[in-house]
Each structure stands twice: as structure tokens, then as C-alpha cells.
Amino acid sequence: MDTAFIAKFTPLYIEAMGLVLKLCFFGVLFSLVIGLFCALVRYYAIPLLKQIGAVYIELSRNTPLVIQLFFLYFGLPRMGLTLDSFTCAVTGLSFLGGSYMAEAFRGGLEAIGRGQIESGLSIGLSQSQLVRYVVLPQALAVAAPALGANVIFLLKETSVVSIVALADLMSLAKDLIGLYYKTNEALLMLVVGYLVLLLPLSGLFRFVEKRLRYAGFGN
């Protein structure tokens, strides 16, 4: 094991980890917005939007992220719309993640008893107040484990963004192996990099899930 090689290129891996976190942050943020919107329009059976949401979810969940990124990066320019690499990656992650978040939110929404909604309406709550104070808090609590799993899933999916010319962890490892033939060292740093990113997140979501169970949600 060449420790000098590891020490020399560790800063590049840290920089690549920063890019992965940035991609994951924006991808998860937009995924949550898209997922919540799709879940609500389907839950409340809003005409047309419900059908559009269902089509989007099926399309997103049944096409690989690699294909989506290829379309965004190579297909859109032929249609007159060019996006930079980072925007393509965030868009692809958001498009994919939104459908998984939507299903997680839908599960949380469907776990809410109709009696609670009727009770909220009976005390004079408006639809917006009902969603804000009754529906969403409980739905988020129930959906929290699935949402956490989706966040980890999206972070791992960033490993394919190198196809749109982004220097993420996977791209860096492949480049170093090709240049220096230090396969063991490059792969070791790759694994450590993802573990450093994923283990704290996994622990955080387990803690949140336990707290929610202790509070009486998700049972």
C-alpha cells in the first residue's frame, strides 16, 4: 500500500466529496419539493395534475439515471437547450429522486385516518390549515424512514454523474487508476470517501426514526 500516494491525493478526494455533498444537497432539496407536490395532488385527486404526476412517477422510476443524464447532457443541446454539467446532474438527481420521495410521502399521507381530517374540518380549520397542522406533520413522521433511505440512495447515485464530465469521487478514482495504476490505493480512498459521507447520514436517520417511534409515530 503506497501511503505517500494516498497522502498526496487525499485533498483531491476531499474536494470531490464536497462536490458530491453539494450535488446531493440540491438533488434532495428539489426531490423533496417535487415529491411532496406529486404526493399531495394525488392524495387530493386534483384533476389533470394527478394524471401528470402518475405519468411522471412511472417514467422516472422506470428509467435509469444514466439514461436521464445522457438525455439532459447530450439530447437537450440538439433541441436547442444546453445545460452545464452541474445543472444536468442536479436535474437528473431531482427528476429521479422526486418520484421516490413522492411514493414515500404518499405512504405517509395514506396512513392518516380520515377521522382526523374530519375532526379538523369540524373545528373550522381551512384546507391549508388542515394540511399544515394536521396532515403534513403526521405524514412526515410516518414517511421519515423512507425519506431517509431515499436520501442515502440519491447520494450513492451521484457515482454516475461522471458521464456529464463532473469530477466526483468515482471519476477521480478512475482517473488516478488510469494515470498511476494504483488500483488498490485509489479504490481504498473511494470506499473511505463514501463511508465518510454515508455513515453519519445513516446514523442520523436511525436516530430520527427511533425518536419518532418513541414519540408514538410510525407504529
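A short reminder: the numbers here are calculations on the coordinates, not readings from a lab. A quick note: this is a predicted structure, and the numbers were derived from the prediction, not measured. A quick note on method: Cβ atoms are made from the backbone with ideal geometry, for glycine too, and the neighbour counts reach across all protein chains shown.
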inquiry  = Between the range 19-51 and the range 134-166, how far is it from one alpha carbon centroid to the other, in angstrom?
reply    = 11 Å
key: Cα lying deepest toward the dipole's positive end in the chain, options S119, L188, V66, charges on Cβ   = S119
query = FRET efficiency for A4 and F86, Cβ-Cβ distance as r, R0 = 25 Å, nearest 0.05?
reply = 0.20
ask   = On a 0 to 90 degree scale, rounded to 10, what angle separates helix 3-43 from the longest Cα axis of the chain?
value = 20 degrees
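Calculate, in nm to one decimal, what Q51 and S128 gain on full extension: separation in residues at 0.36 nm each, minus their alpha carbon distance.
Working: separation 77, 0.36 × 77 = 27.72 nm, distance 2.23 nm.
Answer, rounded to one decimal: 25.5 nm.
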ask   = Any idea what angle helix 183-215 forms with the longest principal axis of the chain, computed on alpha-carbon atoms, 0 to 90 degrees, nearest 10?
value = 20 degrees
Dipole of the chain [Lys/Arg +1, Asp/Glu -1 at C-beta], most positive-end residue of F153, F26, L109 = L109
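How do the peptides 33-40, 115-122, 148-155, 53-60 rank, highest first, by the average count of neighbouring beta carbon atoms within 10 Å per residue?
On the way: 33-40: 21.0, 115-122: 12.4, 148-155: 18.6, 53-60: 15.9.
Going by the mean number of other Cβ atoms within 10 Å, highest first, we get 33-40, 148-155, 53-60, 115-122.
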query = Roughly how many nanometres apart are two label points built 7 Å out from the Cα toward the Cβ at L195 and I177?
reply = 1.8 nm
ask   = Using alpha-carbon positions, what is the distance between the centroids of the range 71-129 and the range 176-193, in Å?
value = 37 Å
inquiry  = Checking the table K50/K156; K8/K182; K22/K50 against a 23 Å threshold on Cα-Cα, which pairs fail?
reply    = K50/K156; K22/K50
task = Compute the FRET efficiency between F25 and E110 as 1/(1 + (r/R0)^6), taking r as their Cβ-Cβ distance and R0 = 22 Å, and round to the nearest 0.05.
result = 0.15
ask   = In deg cm²/dmol, rounded to 500, what helix-only [θ] at 222 nm does the chain give when every DSSP H run of at least 4 residues adds -39500 (n - 2.57) and the total is split over its residues?
value = -26000 deg cm²/dmol
query = Got a sec? Which residues in the range 160-181 would a label at R78 touch, if it sits 7 Å along Cα→Cβ and we count backbone N under 16 Å?
reply = none
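To the nearest 20 Debye, how big is the dipole of the range 31-165 about its Cα centre, given +1 on the beta carbon of each Lys and Arg and -1 on that of each Asp and Glu? If you can, show how the numbers build up before the last one.
On the way: 8 positive and 6 negative charges, 23 e Å.
Roughly 120 debye for the range 31-165.
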